[in-house]
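What follows is a set of notes on a single structure, which appears directly below.
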Amino acid sequence: MYSPAVERLITELAKLPGIGPRTAQRLTFHILRLAPEEILPLAAAIVDVKEKIGFCSRCFNLAEGELCTICADTRRDPHLLCVVEQPFDIVTIERTREYHGLYHVLGGALSPLDGVDPGDLRIAELLARVGDEVEEVILATNPTMTGEATAMYVADQLPGRVRATRLASGLPVGGDLEYADELTLGRALSGRRSLRRGEE
């Protein structure tokens with residue numbers, strides 16, 4: 001129906017996450033309507049990012065060079081290490097402006113059904129990083145079955161002197177109790193904290 005070049009672009013766009021064949025087709029026709037000076041910067045940016053961006057040699061975050069900007073920042077607290085599944089999780093945590101430690105990206109979560117075992121993740125590299133300086137490892141994997149299993153596995157592998165913590169989970173701000181599912185409400189109850197300062 002379309003020329004081979006158009007078909008190829010539709011096919012390639014459809015490979016992107018969240019982009020189906022119809023959306024890929026709409027994007028292709030949008031691109032075709034644009035003037036060259038409007039679309040060529042996008043093509044150049046894609047090529048540029050693939051050529052310049054790799055993984056940090058220490059934490060496996062995205063980096064333009066050997067170390068990412070977070071690992072290269074000497075103001076970060078080396079006693080705290082936050083473990084996440086993917087680099088974009090770091091961006092989410094950084095937006096809170098509440099965390100000032102370092103990170104470690106596992107590259108996914110344990111999922112034996114999908115063939116993802118401990119050797120497929122960067123768990124060995126994490127354990128090698130937990131030297132004398134690290135006092136607490138915050139397991140910030142996703143609150144899913146695979147994320148929970150990964151957090152439990154990593155916690156079991158950590159040395160006894162290192163404190164392993166998990167992100168609290170519960171009710172979202174602005175949410176109503178009547179709309180909360182049992183699991184979320186149960187976690188909110190078990191993770192409750194005191195409103196008085198100094199009390200745990």
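Of note:
- The residues of the stretch 149-175 that are charged (D, E, K, R) and outside any loop (DSSP other than H, G, I, E, B), listed by number, are 156, 163, 166.
- Only listed residue being closer than 24 Å to residue 120 by Cβ and touching a residue at least 24 places away in the same chain (Cβ under 8 Å), chosen from 62, 32, 80: 62
- Strands (runs of 3 or more DSSP E) contained entirely in the stretch 60-141, each with at least 3 residues that are surrounded by fewer than 17 Cβ atoms within 10 Å (Cβ to Cβ) and not small (Gly, Ala, Ser): 77-84
Residue-wise test of (1) farther than 20 Å from residue 62 by Cβ; (2) in a loop (DSSP other than H, G, I, E, B); (3) in contact with a Leu (Cβ under 7 Å, 6 or more places away or on another chain); (4) of a type in the set (Val, Ile, Thr).
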position	(1), (2), (3), (4)
13	yes, no, yes, no
17	no, yes, no, no
30	yes, no, no, no
40	yes, no, no, no
49	no, no, no, yes
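- Number of residues in the stretch 93-119 that are more than 18 Å from residue 137 (Cβ to Cβ) and either hydroxyl-bearing (Ser, Thr, Tyr) or touching a Phe, Trp or Tyr at 6+ places or on another chain (Cβ under 6 Å) (or both): the value is 2.
- Conditions (1) of a type outside the set (Asp, Glu); (2) modelled with pLDDT of 95 or more; (3) touching a strand residue (DSSP E or B) at 6+ places or on another chain (Cβ under 8 Å); (4) farther than 25 Å from residue 184 by Cβ; number of the one not met by residue 75: (3)
- Residue check for residue 146: surrounded by fewer than 19 Cβ atoms within 10 Å (Cβ to Cβ), in a strand (DSSP E or B) and touching a residue at least 24 places away in the same chain (Cβ under 8 Å): no
- Residue in the stretch 90-108 that is over 30 Å from residue 149 (Cα atoms), without any contact (Cβ under 8 Å) to a residue 40 or more places away in the chain and not aromatic (Phe, Trp, Tyr) present: no
The values are calculated or read from the model by the stated rules, or taken from the named source; none is laboratory data. Note that the structure is a prediction, hence the values are computed from the model and not measured. In this analysis, Cβ positions are derived from the backbone assuming ideal geometry, glycine residues included, and neighbour counts consider all displayed protein chains.
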